[in-house]
1. How many residues, within the range 22-50, are without any contact (Cβ under 8 Å) to a residue 12 or more places away in the chain and either among the charged types (D, E, K, R) or under 22 Å from V112 (Cα atoms) (or both)?
2. Which of the residues that make up the range 46-68 are part of a strand (DSSP E or B) and surrounded by fewer than 10 Cβ atoms within 10 Å (Cβ to Cβ)?
3. Please tell me if K135 is free of Cβ contacts under 8 Å to residues at least 24 places away in the same chain and either surrounded by 15 or more Cβ atoms within 10 Å (Cβ to Cβ) or among the basic types (K, R) (or both).
4. Scan the range 27-62 residue by residue and report those that are at pLDDT below 95 and under 11 Å from the mean Cα position of the chain (by Cα).
5. Determine, yes or no, whether G82 is free of Cβ contacts under 8 Å to residues at least 40 places away in the same chain and outside any helix (DSSP H, G or I).
6. What about G82, is it at positive phi, modelled with pLDDT of 90 or more and of a type outside the set (D, E, K, R)?
7. Given (1) under 17 Å from the mean Cα position of the chain (by Cα); (2) without any contact (Cβ under 8 Å) to a residue 60 or more places away in the chain; (3) on the phi > 0 side of the Ramachandran plot, identify the lone condition not met by G100.
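The values are calculated or read from the model by the stated rules, or taken from the named source; none is laboratory data. Everything numeric here is computed off the predicted structure, so don't read it as measured data. All Cβ positions, even for glycine, are placed from backbone atoms using ideal geometry, and neighbour counts span all protein chains on display.
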Amino acid sequence: MGNEEQNSIDWREESECISDDAYFKPQAGRYRISILSDGKSTEYVNKDTEEVTEQVEFDVETKDLDEEESLIKRQVWTVTKGKTEGSLYGQLVRLIKNNGFKPSGVVFELLVSGVGKIKRYQIPSAIKLFKDDKKSSDDHK
């Protein structure tokens, strides 16, 4: 009987360990993001319309820069594939390009504004790279 007690699971304790923190769902604020994986393609299928949205899923470490005692969290971040430089995806692609086309190891600050489905994402270091590239190409004209 002693082994049964040692091997038993305290489900009350387990239920307290389960949280929504496994996925990074940024709210308005500032975050430091470290990409830990090379990403994998995923799809989101809308239950009502059956519309398919292509996404990329990354393992990341996140830190909320607006919370003084924020801990670094290891999470999964799903990003919708965009088609413009200004989209969140476009900004990430620019950072990944600058890192030798390797997502793993990219570290950046993410600024999020807005609420609900109307959010704006900015990665200042990606925006600077876009501006530097544009300036460089303008200088060569």
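1. Residues flagged as without any contact (Cβ under 8 Å) to a residue 12 or more places away in the chain and either among the charged types (D, E, K, R) or under 22 Å from V112 (Cα atoms) (or both) within the range 22-50 amount to 4.
2. Residues of the range 46-68 that are part of a strand (DSSP E or B), as a first pass: 52-64.
None; the set is empty.
3. yes
4. Residues satisfying the conditions do not exist here.
5. Values: free of Cβ contacts under 8 Å to residues at least 40 places away in the same chain: yes; outside any helix (DSSP H, G or I): yes.
Against the criterion (free of Cβ contacts under 8 Å to residues at least 40 places away in the same chain and outside any helix (DSSP H, G or I)), G82 qualifies.
6. On the way: at positive phi: no; modelled with pLDDT of 90 or more: yes; of a type outside the set (D, E, K, R): yes.
Spelling it out, it is not the case that G82 is at positive phi, modelled with pLDDT of 90 or more and of a type outside the set (D, E, K, R).
7. The one condition G100 does not meet is (1).
Condition check ((1) acidic (D, E); (2) in contact with a Lys or Arg (Cβ under 7 Å, 6 or more places away or on another chain); (3) closer than 23 Å to K134 by Cβ) across all residues:
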| position | (1), (2), (3) |
| --- | --- |
| L65 | no, yes, no |
| R74 | no, no, no |
| V79 | no, no, no |
| K83 | no, no, yes |
| F101 | no, no, yes |
| S104 | no, no, no |
| V112 | no, yes, no |
| K117 | no, no, no |
| R120 | no, no, yes |
